[in-house]
């Protein structure tokens, strides 16, 4: 079965945009997630990432990333709550633990963990959207003239991820098919086997790249792929997000404090910025075909293409509707 | 040799002189004293048993040896007048294309169009030239409909064609193929061979093809080169090769040649057409094919597998698809069943569903205990000692069944390919046996990929032992009624050697089910070479064919 994170070509704006535009757009949301700790802003970034992925058709990738993000976020919250004993509001005193020492669970540590967990989940969802919607071939082509060796490494990695996922699925199946009298597979031997297999695969893929002439220092071809009509939209939204994020920080939109007591700023700057970030998730929406004239008041449909008016264009007359 | 090829240049497409090569730290060379030439536009078949040096030779011809694998090399390798030892694989890419056995590791892009375009882009071709080349090679290989598809949604046959298209995109003078049909069904395999022949004739591409199933491609070849232990053992015409193989290495004989050998007919035929012509010349009539009577059920016991109206849906990343569509199938103890059909017909899905890896969406399936060995036996081997994989009495009993009880302390990586396969089977069997009794059903999925004839013979013996037709490999265990053995396979010749029943699947439904001789002599693609030569109902093996010819007389 194909990994939900593998790139799937679809005729949607995020997939059709040039890699630079897609990366700039998704990267701007990532930047927001790293610039801000305010949970409201992070939730807005999460909404933007999820909407962008769903609109681009990467439903399975988003769903799985959300599940993984929720698990990771929860883990971060729990670990932070156990490890950090700062904060004024003690919710539970758990006594002395081996390694941890004295464990006091505070509300502030939980909220701080929540903020970090939210950030991790947002980045995970954005990574999933990138993986499922941005064509790695086009990214690598764009990178190759800039950094040949890095592009080669990225080629190997991008190809090996789905291959390794398929290998892992096969190994899991084989583990399920072992007779009850055979030794348990165990995670460590399975991981070793997967790693060894991945190295073999990497050698095969590298050999194929060699055979395709990847190591040749060929001249960069002219007239590279035409830019997409969606590029401007993504670049504009990315620039807008970054400028708003930087200005917002200057205006105190990241007003958020966890220790010694929790204070979450919900000022107008924070609310406006959050709304803008959440709305940016609609950027990959496909624009409806633009109708150049209103329909007649009597309700009769005027054909835009292929009807009488269109046919008249071929005879040299200007169609007027 | 085509005229076009001759016009394209007088230099040989490939010239090897006194080639000697040893992999790093190898105790002995993989190639020794190898000298031959491939003329422009020539179609050369490379024959030989497993580990005879065929793959290494192909890698030397495309520059992977020594540039990628290292090791010590002596002698001369020239590809279209380029020194392949001095030049790397990238520089040779314009002159030579290489297609390895496993297509999955030969695609590096996400879409088909990008994959075919990659070598042209690496060469610095302009976009307009690239677009034209992609279109032309896609048309030549009949894959224009695949250009926008993601590579990981393609079947094995489609992937193999895409890899071939990428290798041909730069219009090389020589194409090297390492068992390209090993994962393909008979239809796709034959299509690929004749596609190569057409490219060879129309584009003048020289072809050097390594294959185990010689009956598939001998008729298409201009010349055969045989290898043994890294050295050339034969270099000549296909007809001379068959005469040589009869005495020097009968494992390399094709079924039709073996049929003629056993019947005492000369010359040995290079293919079905030549065999039929010879027989017509001798006045041997070809009676019209008629169905043989169905044999009565020799296995009256209760079924070990029973499927009624079985539907299975799989989601491979695109839309969910019904892979099995209402399968009705009953398998009884001791039966040896060959499960056949095109790539994607549902063979593996049926076995995996029986083993509990997939769930059905409709219908009923009841299975007694089953041990399934999937397509990659190495997936079962995760430890460094055989005894660690199979501890205790249950493990030892399973090792005894497959004849590996003496290898308890061996590292699985040091075992031969056949031994690794038997070890994987033992892992699937372990604990599913009651004492020495086997599970009710043993299933093998495509176990002969990349196997030479000798190893297939060993596998046939193991299957016979599992099914209770003879003593087990160890001679220690015998059973009145063995397990039912179901083998999903594309290899019709192998099926004719082990099966007593063939179930033919087509697009998720059973399209034929009957005694092996009836099914494998009643079609064209899913028929043995002997059946295609003689067209006699129920006659599928060289031995049966020779007996039939002797009965008919000239």
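What follows is calculated from the coordinates using simple rules that are stated; it is not laboratory data. As the structure is a computational prediction, the values presented were derived from the model and not from experiment. Cβ sites come from the backbone with ideal geometry, for glycine too, and all protein chains shown count toward neighbours.
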#### Entry: Cα-based helix-to-principal-axis angle, B:392-402 vs chain B, degrees rounded to 10
70 degrees
### Summary
Rg/Rh of the range A:96-139 (Cα atoms, Kirkwood Rh), to two decimals, equals 1.34
### Query
By counting other Cβ atoms within 10 Å of each Cβ, how are B:85, A:264, B:519 ranked from fewest to most?
A:264, B:85, B:519
### Task
Grab the DSSP H runs of the protein assembly as shown that are 4 residues or longer, score each as -39,500 (n - 2.57), total them, divide by all residues and round the 222 nm result to the nearest 500 deg cm²/dmol.
-13500 deg cm²/dmol
### Message
At R0 = 35 Å, how high is the FRET efficiency between residue A:172 and residue B:311 if r is their beta carbon distance? Nearest 0.05 is fine.
### Response
0.90
### Query
Label residue B:282 and residue A:91 with points 7 Å out from Cα along Cα→Cβ: what is the distance between them in nm?
8.9 nm
#### Entry: Point-to-point label distance, residue A:75-residue A:246, nm (Cα→Cβ direction, 7 Å offset)
3.5 nm
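Could you give the C-alpha radius of gyration of chain B expressed as a fraction of 2.2 N^0.38 Å, taking N as the number of residues it contains?
Details: Rg = 24.3 Å, N = 554, 2.2 N^0.38 = 24.3 Å.
Relative to the rule-of-thumb radius for its length, chain B sits at 1.00.
Taking other Cβ within 10 Å of each residue's Cβ, how do B:213, B:231 sort, fewest first? Present the calculation step by step, with values, prior to reporting the outcome.
Details: B:213 24, B:231 15.
Lowest count first: B:231, B:213.
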### Task
Counting only C-alpha contacts under 8 Å and six or more residues apart, can you give the relative contact order of chain B as a whole percent?
14 percent
### Query
Fewest first, what order do B:50, A:280 take by the number of other Cβ atoms within 10 Å?
B:50, A:280
### Message
I'd like the orientation of helix B:417-429 relative to chain B: the angle between its Cα long axis and the longest Cα principal axis, in ° from 0 to 90, rounded to 10.
### Response
30 degrees
### Summary
the range A:1-155: spread of alpha-carbon positions along the three principal axes, whole Å, largest first, is 57, 34, 34
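May I ask for the Kirkwood hydrodynamic radius of the range B:106-195, worked out over all distinct Cα pairs and given in angstroms to one decimal?
Working: mean 1/r = 0.0755 Å⁻¹.
Roughly 13.2 Å, rounded to one decimal.
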### Summary
Tilt, helix B:238-248 to longest principal axis of chain B (alpha-carbon atoms), in degrees rounded to tens, equals 50 degrees
#### Entry: Test item: A:137-146 mean partner chain Cβ contacts at 10 Å
3
### Query
Which whole-number percentage describes the relative contact order of the range A:70-119, with Cα contacts under 8 Å and a sequence gap of 6 or more?
48 percent
### Query
So how long is each side of the protein assembly as shown along the principal axes, counting just the alpha-carbon atoms, biggest first, in Å?
101, 79, 71
### Task
State, as an integer percentage, the relative contact order of the range A:9-155 based on alpha-carbon contacts under 8 Å between residues 6 or more apart.
31 percent
